[in-house]
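The values are calculated or read from the model by the stated rules, or taken from the named source; none is laboratory data. None of the values given here were measured: they were computed from a predicted structure. Please note: Cβ atoms are built from the backbone with ideal geometry, for glycine as well, and neighbour counts cover all protein chains shown. These accessible areas exclude ligands, DNA and RNA; they are computed on the full protein's heavy atoms, side chains included. Shrake-Rupley method; radii C 1.70, N 1.55, O 1.52, S 1.80 Å.
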Amino acid sequence: MLFLLLPLLAVLPGGENADGFKEPVSFRVIQISSFYNHSWERNLGSGWLGDLQTHTWDSNSSTIIFLWPWSRGTFSNEEWMDLETLFRIYFIRFFEVVHRATSGLIFQYPFEIQITAGCEVHSGKLLGSFARVAYQGSDFMSFQNKSCLPSPLAGNVAKHVCKWFYQHQRDKDIIHHHISDTCPRFLLGLLDAGKAHLQRQVKPEAWLSLGPSPGPGHLLLVCHVSGFYPKPVWVRWMRGEQEQPGTQRGDILPNADGTWYLQATLEVAAGEAADLSCRVKHSSLEGQDIVLYWEHHNSVGLIILAVIVPLLLIVCLALWFRKRCFR
């Protein structure tokens, strides 16, 4: 039964509050299952608090891996053991049912199924819950309240699966209960357990560099900002107090330690770079913005060259004299 993933949310513990979190926060469970043939499949499972992965499922040992000390929330060891047993049973049944569906020509090898389910809370209240299924990377079906909604692009196959789903009232009730009740209680508990980590403030480091030449007579200025937490950050190239409209922000990427990295670029004519600066705003800076001036960066580069070039000349001369002396 394709929808048995959603009882995974039943394992999620409850919590009392999430004081201090000003923005809506979501938790979601993701499953990606690849089916190559009748006897060969691969399964990936993970849990995510916003953009932060908190859990993963080890398919080899059929165990839950906790990626942070607080990922257990308020569950006891016995409860997590029961949960692992539930997951093992679920995955066995899931694979059996999907393989059976291929025999009925609903799916055809090779194919991939992605399922995500979760909820979002704000100020201790449920904003909404969701459950979506994709087939081969495209929307297949979703759940809203106790309704199964086939994707218009999925055709009759999704309609057939939803029709089957409506014939299994117990599964429908389980899904609705866990994404609308159990999930938000777990999310609040997880936020409470991880509050010290999630509410920490880590100041960014910033530096400037030249990117690949965009063309003759032009420079690509790069402002690197790394090691900041939380994720929201403001980075712009400036001329005085004027933002430069040509600033291009890249994606905010994760560092291995859970902090974030971003770079902002600006293409300018070579003679117009002198008055530019990169400004960084972040909550950890408490209003004390980081401002890096391109002319200072350029001056540092010239100083380094002024030191390195003479040293290289001295080394080369020393080697040359040494060779002549020992001939």
Packing-wise, with mean Cβ within 10 Å as the measure, how do 177-187, 143-153 rank, highest first?
-> 177-187, 143-153
If you place +1 on the Cβ of every Lys and Arg, -1 on the Cβ of every Asp and Glu, and leave all else neutral, what size is the dipole of the range 140-250 about its Cα centre, to the nearest 20 Debye?
-> 220
With a sphere of radius 14 Å drawn around the Cβ of Glu112, what net charge do the other residues whose Cβ falls strictly inside it have (Lys, Arg +1; Asp, Glu -1)?
-> -1
Gyration tensor over alpha-carbon atoms, the range 160-269, equivalent ellipsoid semi-axes in Å = 46, 21, 11
With the charge dipole of the range 101-199 built from beta-carbon charges (+1 for Lys and Arg, -1 for Asp and Glu) about the Cα centre, the Cα from Phe186, Gln136, Leu149 projecting farthest to the positive end belongs to Leu149
For the range 43-202, the dipole about the Cα centre with charges only on Cβ (Lys and Arg +1, Asp and Glu -1), to the nearest 20 debye, works out at 380
Run down the aspartates and glutamates and flag those whose C-alpha is under 17 Å from the C-alpha of Lys203, throwing out any fewer than 8 positions away in its chain.
-> Asp257, Glu286, Asp289
Karplus-derived 3J(HN,Hα) from phi for the range 165-177 (6.51 cos²θ - 1.76 cosθ + 1.60, θ = phi - 60°), whole Hz, x at Gly and Pro, runs 4, 5, 7, 10, 4, 4, 5, 4, 5, 5, 4, 4, 5
What nm distance separates the two modelled labels at Phe95 and Gln288, each placed 7 Å from Cα along Cα→Cβ?
-> 5.6
Hey, if you put +1 on the Cβ of every Lys and Arg and -1 on every Asp and Glu Cβ in the range 50-123, which of Thr85, Phe75, Ser103 ends up farthest toward the positive end of that dipole?
-> Ser103
In the range 154-296, what percent of the accessible surface is made up of carbon and sulfur (1.4 Å probe, ligands and nucleic acids excluded)?
-> 52
Per-residue SASA entry for Trp48, accessible area with 1.4 Å probe, Å² rounded to 10 = 60
Could you give the dipole magnitude of the range 16-129 about its Cα centre, charging the beta-carbon of Lys and Arg +1 and that of Asp and Glu -1, in debye to the nearest 20?
-> 300
